[in-house]
Amino acid sequence: MGPLQGVRIIDMTSVLMGPYATQMLGDYGADVIKVESPEGDLVRTIGPMRHPGMGPIFLNTNRSKRSICLDLKKDAGRDALLRLIETADVLVYNVRPAAMARLNLGYEVLAQINPRLVYAGVFGFGQDGPYAAKAAYDDLIQGATALPYLNARVGDGTPRYVPNALVDRIVGITAVGAILASVVHRDRTGQGQRVDIPMFETMASFMMGDHLGGLTYEPPLDRGGYARHLSPDRRPYQTSDGYICAMVYNDKQWLSFLRAVGRDDLLADPVYASFAQRTQHIDVVLAELSNIFKTRTTAQWIKLLDDADVPSLPMHDLESMLIDPHLVATDFFPVVQHPSEGAIRSMKVSAKWSATPVETSRLGPGLGEHSAEILAEAGYSAGEIAQLHSDGVIRTPSPDLGQV
């Protein structure tokens with residue numbers, strides 16, 4: 001199932017950034033083999049959970065994969081990994097390149113085994129700069145690409161991180177595109193290659209695309225920053241009984257909105273006359289909108305805005321999102337039966353294909369759940385697999401990972 005059916009990916013990633021990328025590739029139909037250490041992916045331990053090692057962030061970032069548990073510090077474990085790499089299309093890792101070199105798993109080594117291999121690294125920094133050897137985490141990259149500064153600028157002056165692993169997920173999505181571009185090149189030429197996807201550079205581009213502003217020019221025209229994003233009233237609008245998210249943006253929407261709310265007086269105000277004028281006076285414009293939205297209930301605003309063809313959506317919390325009428329109608333959060341965890345809430349793959357539809361058939365695996373199955377496919381006999389298990393080279397799921 002899916003457009004990537006037949007593509008095999010060796011997933012040596014952990015935590016969030018790499019696993020999010022490889023889950024997307026698995027959702028799209030690739031055979032993703034998650035290689036875990038005997039300790040397992042650290043995110044397995046983040047609760048709440050029904051069974052050890054099966055936490056919700058792990059389950060929601062590692063579906064559409066098979067898990068093999070290999071001790072790569074043992075020769076037999078490394079040999080098993082190399083056998084898997086012989087027939088793989090892609091290897092993805094998210095430790096620093098120096099760590100892969102210490103394991104003798106650098107690109108030059110693996111390209112000798114499989115010249116068609118796409119060797120994809122998702123890590124902190126480009127390897128040609130002074131930060132090359134530094135470790136990186138989502139929070140650090142948020143700070144280094146001005147997110148806390150921008151939050152402070154529009155808030156109470158206190159720098160704050162975005163309450164989401166924004167960097168990990170954006171870089172993960174970027175990695176999917178870079179990997180698939182490399183696969184297309186390989187299929188055209190027969191040549192694999194190394195591709196690096198650094199967090200810092202990726203997020204610097206992501207953030208500064210909006211906020212480079214006048215710093216785009218030499219000499220600079222201003223100190224940077226997109227005024228609309230930094231306006232103090234760019235936020236959900238308070239109504240008389242709650243909040244609503246609305247976007248009165250282009251000239252047609254403004255004309256329709258002002259007539260619907262009986263504010264024809266503003267139609268003659270030059271500040272509201274055009275998109276360019278409203279952008280130039282964005283703080284004044286959004287402050288006026290904030291005052292207008294306080295005059296009606298949320299339900300009244302939803303009807304008025306829909307009738308006026310002005311875009312709006314409710315401001316959800318985490319629970320109300322689950323019962324949003326659109327997401328309910330599309331069954332975006334289906335409750336499915338996990339083999340060990342029982343009933344869990346999953347999420348649909350958002351993209352759709354007309355000729356190669358996707359369907360999630362594998363939920364988050366137990367640690368080493370597919371070790372024997374994967375090794376058998378690689379040509380290991382039952383006796384050899386049993387010996388590897390006896391020697392502690394591979395692991396299978398813990399006995400306490402029972403059925404619910």
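Coordinate-derived values only; no laboratory data. Fair warning: this is a prediction, and the values are worked out from it, not measured in the lab. Please note: Cβ atoms are built from the backbone with ideal geometry, for glycine as well, and neighbour counts cover all protein chains shown.
Numbers for the structure displayed
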| quantity | calculated |
| --- | --- |
| Per-region count, segment 182-241, residues aromatic (Phe, Trp, Tyr), in contact with a strand residue (DSSP E or B) (Cβ under 9 Å, 6 or more places away or on another chain) and closer than 21 Å to Phe123 by Cα | 0 |
| Number of the exception - Ile179 against (1) touching an Asp or Glu at 6+ places or on another chain (Cβ under 7 Å); (2) buried (at least 16 other Cβ atoms within 10 Å of the Cβ) | (1) |
| Segment 298-317, subset in a helix (DSSP H, G or I) and not hydrophobic (A, V, I, L, M, F, W, C), residue farthest from Gly242 (Cα to Cα) | Asp307 |
| Segment 251-302, residues that are under 17 Å from Pro236 (Cβ atoms) and small (Gly, Ala, Ser) | Ala287, Ser290, Ala299 |
| Failed item in (1) crowded, with 22+ Cβ neighbours inside 10 Å; (2) among the aliphatic types (A, V, I, L, M); (3) in contact with a Gly (Cβ under 6 Å, 6 or more places away or on another chain), with Leu110 passing the rest | (3) |
| Some residue of segment 331-339 being touching a residue at least 60 places away in the same chain (Cβ under 8 Å) and within 29 Å of the chain's Cα centre (by Cα) | yes |
| Scan of segment 247-267 for residues that are closer than 27 Å to Ala146 by Cβ and touching a Phe, Trp or Tyr at 6+ places or on another chain (Cβ under 9 Å), ordered by number | Tyr249 |
| Test: residue in segment 231-244 that is over 15 Å from Phe293 (Cα atoms), surrounded by 14 or more Cβ atoms within 10 Å (Cβ to Cβ) and either β-branched (Val, Ile, Thr) or touching a helix residue (DSSP H, G or I) at 6+ places or on another chain (Cβ under 9 Å) (or both) | yes |
| Restricting segment 199-226 to residues that are more than 30 Å from Val95 (Cβ to Cβ) and surrounded by 15 or more Cβ atoms within 10 Å (Cβ to Cβ), the residue that is nearest to the chain's Cα centre (by Cα) | His211 |
